[in-house]
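Colleague: My questions will all concern the structure given below.
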Amino acid sequence: MAAPVPEPVVMGVVNVTPDSFSDGGEWLDPVAAIAHGHALVAQGAALLDIGGESTRPGAEPVGEAEELRRVVPVLEGLAQARARLSIDTSKAAVAAAAIDAGATLVNDVTALRGDAEMAALVAERGCDVCLMHMLGEPRTMQRDPRYGDVVADVRAFLAERLEHAVAEGIARERVWLDPGIGFGKTIDHNLELLARLDEIVALGRPVVVGTSRKSFLGTITGREPGDRVAGTIATNVIALVRGASVFRVHDVAAARDALLVAAATLRGRWPPPTTTSTR
């Protein structure tokens, strides 16, 4: 019997940074970022992922004070939005301030390795956490990344980080997993992860996929970041078929529509049955 098709959850990206690869600087002003967040919710985002430090290849670290200055006003301005708020950070102090401002998900690209206090914070505050695989760090991750079997290696890493989180007091049902498409991977690694994503899904936790506008789509299509919507949607639909349930995107309306139609087609009926979502 085929596995049930997950209800797709769209996570809209709100980059409060001057240097993100796709929209760096566009939403650096808090007023603009807040308006953008509300627009993404109107387009169908159930989650808003707010980040003040770019993790693009080659990105330089941002200090704690600067990251707080960037994200806290935006989180406070979006506290009443009709969507959950996520903080994209690897710093416990930033996560704590974000939770105080209304965030209920910590999206940690270091999978609790970047700050020794992060796991205890998440456990204490009872929020959800997304653990992502990344080879190295943003400044170095794309320098000749190598794996034995990329899917097996990423799966083993995520399984270990999941158990680490649980051992640190984080409830298993609060952990999400992200294979880290584009984070220390070649184009072939990315494609292999998408093709075999069901092996990551088999770990039993919601799987987040973030392919939106990424460079491997540009390599395949020859298009610039803002013109990679169709390529992003193709990867999202493939990931949905493989069992992913959360889709981190810049272009919310297009992704939402494609995912809803794909999910309805895979189920063979409409409207969808009542399901338990990722909260």
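Colleague: Step by step: first the residues of the range 72-88, then only those that are in contact (Cβ under 8 Å) with a residue 40 or more places away in the chain and not aliphatic (A, V, I, L, M), then the one that is farthest from L47 (Cα to Cα). Which residue is that?
Modeller: Top of the filtered list is P73.
Colleague: With D88, D128 as the choices, which residue is charged (D, E, K, R), within 19 Å of V10 (Cβ to Cβ) and out of contact with any Leu (no Cβ under 9 Å at 6 or more places or on another chain)?
Modeller: That would be D88, the only listed residue that is charged (D, E, K, R), within 19 Å of V10 (Cβ to Cβ) and out of contact with any Leu (no Cβ under 9 Å at 6 or more places or on another chain).
Colleague: Do you know which of the residues in the range 121-154 that are under 24 Å from A79 (Cα atoms) and hydrophobic (A, V, I, L, M, F, W, C) is surrounded by the fewest Cβ atoms within 10 Å (Cβ to Cβ)?
Modeller: Per the criteria, the residue is A123.
Colleague: Suppose we filter the range 171-196 for residues that are part of a loop (DSSP other than H, G, I, E, B), at pLDDT 95 or above and surrounded by 24 or more Cβ atoms within 10 Å (Cβ to Cβ); how many remain?
Modeller: Total satisfying the criteria: 3.
Colleague: From the list A152, A159, which one is within 20 Å of T211 (Cα to Cα) and not in a strand (DSSP E or B)?
Modeller: Going through A152, A159 in turn, just one is within 20 Å of T211 (Cα to Cα) and not in a strand (DSSP E or B): A152.
The values are calculated or read from the model by the stated rules, or taken from the named source; none is laboratory data. Since we're looking at a predicted model, the values are computed, not measured. Quick reminder, even Gly has a Cβ in these numbers, built from the backbone with ideal geometry, and neighbours come from all protein chains shown.
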